[in-house]
Amino acid sequence: MAPEFVPGLQLAREFYATVVRPLLEEQFSQVPYAAALLGRGSEVVGFDSPRSTDHDWGPRLQILLPDSDTERHAAALTAMLASRLPESFRGYPVAFPVTREPGGPARHRVQVTGLGTWLTSHLGFDPRHAVTLLDWLATPAQRLAEFTAGEVFHDGPGELSRARDTMAWYPHDVWLYLLACQWQRIGQEEAFPGRCAEAGDDLGSAIVTARLARDLMRLCLLMHRRYPPYSKWLGTAFARLPGTAGLTASLAAALSAGSWPAREQHLREAYETVAALHNQLGLTPPLDTRTRGFYDRPYQVIDAARFTAVLREAITDPQIRRLPPAGAIDQFVDSTDAANDLRFLRACAQAAWVGETPGHDGCYPHSAGLPEVRTVSAGANRTFGGHDGRR
């Protein structure tokens, strides 16, 4: 009989408090550490359900040691846990296999490692040091969400908590840049559903409408200062935003509409709703939220380029203002394999923004072109968190 479902964060929290912490206090009381559940897994961002238990599931967490203590204590701590942890907890096996280790053994999933090692492997950099513009823009929002969500159960040294605070949200000018680039994506395709329909391609019209709906949803998450997750959880994250019921209804109606006139009407509603949200942020002078014709063609658009322009104008850092309108890495790279290779993503980002390719040693001669950016605290900002297309 399957055990009663326990959300993964709760399971990890109870496992640490009742099992792991007493063992650490008994045998490693002088070793400072942080205990947390961060990183990959639907439970980390609170999207888990009973279905999540069919793979890679059980009580798990990370024990993150100061870098100077890792070599001395990590192996011994891991061995102690392997010998002392119970076989099960709340009905779930403590030792279990995972899909990323095909054919691997069942073993406990209390990962013991150095904080610096874990940060670099998950983010591609160590945010305890100066965070550069490349760090912000080359790291998928999904990775940033996985690091800043979850829960820290204990942090003796305090370094993990400070690193999470650093990455809680984008610096202000970076945020403006990403908002501008998200509007840019919308502006590049907002006339296409009408043009496809006019050409007799209603399926193409529906497909582009779905792309625009996805971009509007990601834009709203950015407006609400939420890191947009990858496709599986995009709708779930969007549904949890406050005050989006009407927008959700408009997008759903646009996607299910059987003809272009109906599809356009619902898209217009969605555009005007998101334009009003932009004005509520107060980041730029208010813009007209009404849709309008696309040049002399009979398609109604929001003219998203207006929003891109005023957001870029609001950026004060001259180096960020000069960046091309491609945005962060997951605004122009949409590949699961790429997203799983942080080194590749950083190479792509550097080449795109600096306009160069790596040398024989894999380094970029002008990497200083992507500077360090001052990181603002999460509470510093009170707001919620190509072609012209005519062909």
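We did not get these values from a lab; they are worked out from the coordinates using the rules stated. Worth saying up front: this structure is predicted, and the values here are computed from it rather than measured. Because the Cβ atoms are built from the backbone with ideal geometry, glycine has one as well, and the counts that use them run over all protein chains shown.
The magnitude of the dipole of the range 172-317, with charges of +1 and -1 set on the Cβ of Lys/Arg and Asp/Glu and taken from the Cα centre, is near 460 debye.
For the residues Cys196, Cys220, what sequence is obtained by ranking on other C-beta atoms within 10 Å, fewest first? Going from sparsest to densest Cβ surroundings: Cys196, Cys220.
When each of Leu137, Leu24, Leu119 is scored by the number of other beta-carbon atoms lying within 10 Å, the sequence from fewest to most is Leu24, Leu119, Leu137.
In terms of its C-alpha gyration tensor, the range 269-321 comes out oblate, because a/c is 1.5 or above while a/b does not outweigh b/c.
Shape call for the range 8-166 from the C-alpha gyration tensor, a ≥ b ≥ c root eigenvalues: rounded (a/c under 1.5), prolate (a/b greater than b/c) or oblate? Note, shape of the range 8-166 comes out oblate. The simple spin-label model puts a point 7 Å past each Cα toward its Cβ; for Ser83 and Ala106 those points are separated by 2.2 nm. Taking every DSSP helix (H) stretch of at least 4 residues in the chain, weighting each as -39,500 (n - 2.57) and dividing the sum by the residue count yields a mean residue ellipticity at 222 nm of -14500 deg cm²/dmol.
Roughly speaking, what % of Cα-Cα pairs in the range 177-231 are separated by over 12 Å, rounded to a whole number? Everything past 12 Å amounts to 65 percent. Listing Ile207, Ile186 from fewest to most neighbouring C-beta atoms within 10 Å gives Ile207, Ile186.
Taking Lys and Arg as +1 and Asp and Glu as -1, the other residues whose beta-carbon sits under 9 Å from that of Pro97 total -1.
Restriction of the GluC sites (Glu not before Pro) in the range 17-98 to DSSP coil positions whose beta-carbon has at most 11 other beta-carbons within 10 angstrom yields Glu87. If only the Cβ of Lys and Arg carry +1 and only the Cβ of Asp and Glu carry -1, the dipole of the range 8-166 around its Cα centre is close to 220 debye.
The Kirkwood radius of the chain, taken over pairs of alpha-carbon atoms, gives through the Stokes-Einstein law at 10 °C and 1.306 mPa s a diffusion coefficient of 69 µm² s⁻¹. Summing Lys and Arg as +1 and Asp and Glu as -1 over all other residues whose Cβ lies under 10 Å from the Cβ of Arg162 gives a net charge of -1.
Residues whose amide H lies under 5 Å from that of Arg107, counting only those 5 or more places away or on a different chain, are Phe96; hydrogens are built 1.01 Å from N in the peptide plane. Averaging 1/r over each pair of different alpha-carbon atoms in the range 172-317 and inverting the result gives 15.4 Å, the Kirkwood hydrodynamic radius.
Loop-located chymotrypsin sites (Phe, Trp or Tyr not before Pro) across the range 221-315 with a Cβ neighbour count of 14 or fewer within 10 Å are Tyr295, with loop assigned by DSSP.
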